[in-house]
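Notes follow once the structure below has been shown.
All of the numbers you see were taken from the coordinates with simple rules; none came from a lab. Every value quoted in this text rests on a predicted model; they were computed, and no experiment measured them. Please note: Cβ atoms are built from the backbone with ideal geometry, for glycine as well, and neighbour counts cover all protein chains shown.
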Number of protein chains: 4
Amino acid sequence: MNQKKITACLFGAGEMATIHATNLISDPRVDLRYVVDPSSERAHALAAATGAQVVGPDAAFADPDIRAYLIASPPRTHADYLERAAATQAYVFCEKPIDHDIGRILDCMARLKGREDRVQLGFNRRFDFQFARLKDTIRAGHIGKVEQVLIISRDPEAPDVEGFIHSSGLLKETAIHDFDLVRWLLDDEPAEVFVMGDALINPEYLTVGQIDTTTTALRMRGGTHVTILNSLRASFGYDQRIEVLGSLGQATVGNVPESLVVLSTADGIWGEKPLWNYPQRYAQAYRSEIASFVHSVATGAAVTPNAFDGLRASQIAEAALLSMSSRLPVPCDNPL
Amino acid sequence: MNQKKITACLFGAGEMATIHATNLISDPRVDLRYVVDPSSERAHALAAATGAQVVGPDAAFADPDIRAYLIASPPRTHADYLERAAATQAYVFCEKPIDHDIGRILDCMARLKGREDRVQLGFNRRFDFQFARLKDTIRAGHIGKVEQVLIISRDPEAPDVEGFIHSSGLLKETAIHDFDLVRWLLDDEPAEVFVMGDALINPEYLTVGQIDTTTTALRMRGGTHVTILNSLRASFGYDQRIEVLGSLGQATVGNVPESLVVLSTADGIWGEKPLWNYPQRYAQAYRSEIASFVHSVATGAAVTPNAFDGLRASQIAEAALLSMSSRLPVPCDNPL
Amino acid sequence: MNQKKITACLFGAGEMATIHATNLISDPRVDLRYVVDPSSERAHALAAATGAQVVGPDAAFADPDIRAYLIASPPRTHADYLERAAATQAYVFCEKPIDHDIGRILDCMARLKGREDRVQLGFNRRFDFQFARLKDTIRAGHIGKVEQVLIISRDPEAPDVEGFIHSSGLLKETAIHDFDLVRWLLDDEPAEVFVMGDALINPEYLTVGQIDTTTTALRMRGGTHVTILNSLRASFGYDQRIEVLGSLGQATVGNVPESLVVLSTADGIWGEKPLWNYPQRYAQAYRSEIASFVHSVATGAAVTPNAFDGLRASQIAEAALLSMSSRLPVPCDNPL
Amino acid sequence: MNQKKITACLFGAGEMATIHATNLISDPRVDLRYVVDPSSERAHALAAATGAQVVGPDAAFADPDIRAYLIASPPRTHADYLERAAATQAYVFCEKPIDHDIGRILDCMARLKGREDRVQLGFNRRFDFQFARLKDTIRAGHIGKVEQVLIISRDPEAPDVEGFIHSSGLLKETAIHDFDLVRWLLDDEPAEVFVMGDALINPEYLTVGQIDTTTTALRMRGGTHVTILNSLRASFGYDQRIEVLGSLGQATVGNVPESLVVLSTADGIWGEKPLWNYPQRYAQAYRSEIASFVHSVATGAAVTPNAFDGLRASQIAEAALLSMSSRLPVPCDNPL
């Protein structure tokens, strides 16, 4: 039986890697053979929990049985692993972004030319059933022609300054999800982007070149206006909402509360906060994106979202960054 | 101009009387001539605020100009005033109940025989536009044949024991509104009633023959099940809700919040409490019932709800009381 | 490894049995060895889907490896299987009710005397995390002393008359869940019950001795009032709500919508219906009750809810039935 | 008595003038003496309904009894009337905008120098009790330091192209309300504005120099990000919402539905649309702004919002217009 299983290798042993590992091993089609992580402790912990072995990258890429590489290591390592994985016959699942540097991403794309449909990007929100139902509603024509879109995407807790130094930042690591969502939801591309970005939560972020609050306006090629509100801190929890106005009406998805218990007292009417952060809010989406990836590997089908989607989202993020620093609107089509 | 106005006389100078007086004087068709109340201080205060004179009952009934008597004095005085007013040609607006004693009500009805359509009872909730919209929804057939009704009707603050001694009690003073609502909403009569009544909020109420919590089940002649939940204390405010299940669906009206402000913090998602008590929740209904009464006086039209409605609600309350004390279901059609 | 697994046997191959089978096989601690069902076709279909074998009851009870019997066959077969299972050393999971006949249940209880804590009853709603959170809220004292409880529990689709002939009826098969919920939620027992029951949806049900709509009032020993509204048809879907009023406030759980998409058009503001029926609404509860059962088997712990809970819920249902037919309130403590 | 009343004169007899007239005459302190409108028919209709006389502007300004001029005529007439009224001792209530042309407004301001506090601008939304409660919540510190604001302000029905020719446009006539709201809500001034404006609803608007959809990003002097979404058509009704995110949480005000009736059927859960347009949604705000104005006249107090507020909102609108046409962000402080 086992030789028919999809033998998989996972890069990374942190939070995202653990989420993917859990979903992988609960799929009876998958045999998670390797965990690769520079921290031996972390790697062995995850390997022990999942029945995998700890190996180094060279051993991992040398095993001809591997049919699926999953890259959930820090962003700066993605492009290298992606290129090495692309040199094999295996499918690849790669967390976003492909790289912080758009030039490096383009190099990478050149190397995996012709194989983009075998590289799935970790834009999990496309797999959230709430957002999928929203897209169905739009496609079914219930709101007519789309005119104005609002995405609110805020984290519950801002990192401390030290923890933020090596991040590629709010636009390239967080808002990139929203840039992908917009493309997917509207089947359209941004033509121009304008971004206001500031360190309103913690001005010290500026000392490490980071900001915490962005307001982004996009004009799509088809004319639709899109606004994205990002922040690193909504004190009440992960704030993830979408509103779409069209010629015939509006469709929205609000936050998912922890439970439906409502408490009414002399102090007011109290409802539960949204699910606290991404592991809770997008648990189903993480399961579904891995299931979709495994299905592609098993059947030889094209993945979605693929490497091109990863490039496009990073190109928009790059234009957004340029807009923020120049304080001017920037075209998205050819941002470099 | 003034001789064409509707000259009115108000009995009572307490909270309900003040609400009615305010609505009367804001109607340009009405001249509020007299306020009658045994407390001279209270009577003069209300008279001063409304431009009326203070007189005694005899003078009030002797004035042939009076075209509208409004009775908002304590319940034990209603029947006397009602009979005296009914001996004139004037219209009468009478707060509920007509009397605590069903025999006294029947005597009263005998005396005003043939004039029942000129005596409006103070069942203000029929005039609430939310409930009226609910009734429209039912009548329009949107929920089909009605099967199961739920009325929740709870006060925000229970009186102290002393303040409760002279009350005709929860069933005859509070639930009577719900008995009327049921008849109006369903255009049907209760056939049988079963009531559980207890002093759960304050067991000392039992020492003055009162209870504070009732659960009432009614079977209507047409078969519909009705449940009424009454309590003297919902700590979060006046709890006034209706749900109606029919063969095609359900229609509901929930509580009206003080404002639509929603506050989301680390402690949860917080909304405003319902409007605190009847003066706030039913402000529009009080205005509308007086406007409807004035319209009847001005045009000679029949009032609604009328004296028969007052009798019927009291008969149901009487049956409810008998059910509570006997701990048995009691027929409503001929409760005596 | 396998000899350490919990070898299990499932009676029934219908809808509930399939739900339990699916949850059983997804638990790595369980080896589902047998499926037992008089319909060979159905039994083989479920066995094929779960890797089990089809056997008859005698073989099933003769296998000394079986550590867990799960009874999800039609209600009339429960008591027999339960007694035979209780004669082994295995744990038993039994769908409600134990039997339609309260005498039969008492016989059954006598036979499994001393082993009640190894017999779990299928009152899944105790495991719903929404209701559990509600109970936590009550226990934490947030609403003070409980005074008035409302349970609304309505199915989305009424069966046709033929499909209803062999049912033990709305009170014994559906409301029994609510009777258990009340006991669990309040840690209290009903003292008295009054039920109005009618065939309002389909009067033909009366020809097979069935009704479709009940309104139930319970007074608990501790004084709390409980109302349960049951119906076989809420056209908009499975209507499962709880409201609890206490001295300090109210706690509620509403319906769980299919998604959070809200569509606003010229026709109004439109939200999704509740999850359609029990397999959707209580999917998590079904998983959790089986996980709890498996945990008890694995650790030798007492199950909950247990056989006594099954007896109590059936005793309340019996009293409710007597109240409905006699049209009188009936004590719950010693209903026979 | 009458000589102590506030004798008032109203310019305009259209929809807004009628709303103000109705509120004026229901205030017992006010004697509405004149209605001025070039359409004799319209003027006489409103005068008849309110007990006023129809006169021309010269007579209106010549009457030394007039203590309050209210200007609710078309925008192009505001500045002239305002200057003439300012030459008297009377208070002035002027609908927004003071003029379409910022130069004309500055001339006007020069003429009424020193009297700005006697000129109230018709920014009615400041008087909406929902928004006032929102501001109280912010001021009370419940959400901490404000970081990100969202205002959604959409009309229910777009005008036809002809009806739009003489309008000063979406930014100067509609969004101007939102520019004022932002200043009032945050007690802060915009430093920079960026606007995307397009004719997405009806491309023919471009032929008369108009657009129908704007997305506006403002950076306040204090750093706060503000987004304003405007549209001439939300098919489900007047869409008027505010969200404010701060360091400790978020406060929002949603739409006010026509009623609280909720209908649940096989088609879904259906709620009422928002109140249809400004006369319905802001009925209370229109009453309160006139009451506030009358109070200022009666007591000699300064009005609010005043002429400076009118100037500032128009300056922001002018900057917004420049941003829209130049497709660049524009500073707000010194937009000319």
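Key figures
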{"read-out": "Rg in Å to one decimal, and Dmax rounded to a whole Å, for the range B:27-91 via C-alpha atoms", "value": "11.6, 32"}
{"read-out": "Centroid-to-centroid separation of the range B:213-285 and the range A:93-154 [C-alpha atoms, Å]", "value": "44 Å"}
{"read-out": "For B:239-247, mean number of other protein chain Cβ atoms within 10 Å", "value": "4"}
{"read-out": "Taking N as its residue count, the alpha carbon Rg of the protein assembly as shown over 2.2 N^0.38 Å", "value": "1.05"}
{"read-out": "For C:PHE129, label point 7 Å along C-beta direction: distances to other copies, nm", "value": "1.4, 4.0, 4.2"}
{"read-out": "Summed residue charge, Cβ within 12 Å of D:PRO331's Cβ, Lys/Arg positive, Asp/Glu negative", "value": "-1"}
{"read-out": "Along principal axes, Cα extents of chain B, largest first, whole Å", "value": "56, 54, 47"}
{"read-out": "Surface/4 of the Cα convex hull for the range B:230-336, nm²", "value": "11.9 nm²"}
{"read-out": "7 Å along Cα→Cβ, label-point gaps from C:GLN284 to other copies, nm, shortest first", "value": "1.1, 3.6, 3.7"}
{"read-out": "Dipole magnitude of the range C:126-248, debye to nearest 20 (Cβ charges: Lys/Arg +1, Asp/Glu -1, about Cα centre)", "value": "580 debye"}
{"read-out": "Computed magnitude of the charge dipole of chain A (debye, nearest 20; Cβ of K, R +1, Cβ of D, E -1)", "value": "960 debye"}
{"read-out": "Coordinate range along principal axes, alpha carbons of the range A:261-318, Å, largest first", "value": "59, 33, 12"}
{"read-out": "Eligible lysines near A:LYS145 by straight Cα distance, threshold 28 Å, same-chain separation 8 or greater", "value": "A:LYS135, C:LYS273, D:LYS172, D:LYS273"}
{"read-out": "Gaussian network model of chain A, Cα within-10 Å springs - most flexible of A:PRO97, A:PRO159, A:PRO64", "value": "A:PRO64"}
{"read-out": "Selection from A:ILE228, A:LEU206, A:LEU181 lying farthest towards where the dipole of chain A points positive, charges on Cβ", "value": "A:LEU181"}
{"read-out": "Label zone at A:PHE308 (point 7 Å along Cα-to-Cβ), backbone N below 19 Å, the range A:216-250", "value": "A:221-222"}
{"read-out": "Interchain or long-range residues, amide H under 5 Å from A:GLY249's placed H", "value": "D:SER235"}
{"read-out": "The protein assembly as shown - mean residue ellipticity at 222 nm from DSSP helices (-39,500 (n - 2.57) per run, n ≥ 4, rounded to 500)", "value": "-10500 deg cm²/dmol"}
{"read-out": "Debye-sum result for the range D:73-148 in log10 I(q)/I(0), which assumes one identical scatterer on each alpha carbon, at q = 0.14, 0.15, 0.16 Å⁻¹", "value": "-0.59, -0.64, -0.69"}
{"read-out": "For the range A:236-249, 3J(HN,Hα) per residue [Karplus equation, 6.51 cos²θ - 1.76 cosθ + 1.60, θ = phi - 60°, Hz, x = Gly/Pro]", "value": "8, x, 4, 9, 10, 9, 9, 10, 10, 9, x, 5, 9, x"}
{"read-out": "Peptide ranges C:280-289, B:166-175, C:105-114 listed from the most packed, as the mean C-beta count within 10 angstrom indicates", "value": "B:166-175, C:280-289, C:105-114"}
{"read-out": "Chain D, rotation onto C, residue closest to that axis via Cβ, with its distance in Å", "value": "D:TRP270, 3"}
{"read-out": "Inter-chain shielding of C:227-235 (mean C-beta neighbours from other protein chains, 10 Å cut-off)", "value": "5"}
{"read-out": "The range B:12-45-the range C:19-89 distance, computed between alpha-carbon centres (Å)", "value": "77 Å"}
{"read-out": "Of A:ILE138, A:GLN148, A:PHE127, farthest towards positive along the dipole that unit charges on Lys, Arg, Asp, Glu beta carbons give the range A:108-148", "value": "A:PHE127"}
{"read-out": "Cβ-Cβ FRET estimate between A:THR88 and A:SER247, R0 fixed at 35 Å, reported to 0.05", "value": "0.10"}
{"read-out": "Pairs of alpha carbons in the range B:7-150 whose separation is greater than 20 Å (percent)", "value": "52 percent"}
{"read-out": "Across the identical copies, how the C:ARG76 labels are spaced - nm, sorted shortest first, 7 Å along Cα→Cβ", "value": "6.5, 7.4, 8.8"}
{"read-out": "Dipole magnitude (debye, nearest 20) for the range A:69-120, charges at Cβ of Lys, Arg, Asp, Glu", "value": "100 debye"}
{"read-out": "Reduced Cα scattering model of the range C:111-200, Debye log10 I(q)/I(0), q = 0.18 Å⁻¹", "value": "-1.05"}
{"read-out": "The range B:2-43 - Debye-derived log10 I(q)/I(0), Cα point model, q = 0.14, 0.18, 0.21, 0.28 Å⁻¹", "value": "-0.31, -0.49, -0.63, -0.95"}
{"read-out": "Residue mean of other protein chain beta carbons inside 10 Å, C:147-158", "value": "3"}
{"read-out": "All-pairs Cα distance distribution in the range D:158-272, expressed in whole percent, bin size 5 Å", "value": "2, 9, 17, 18, 16, 13, 12, 8, 4, 1, 0"}
{"read-out": "Local electrostatic count at B:HIS166 - Lys and Arg +1, Asp and Glu -1, tallied over other residues with Cβ under 15 Å", "value": "-3"}
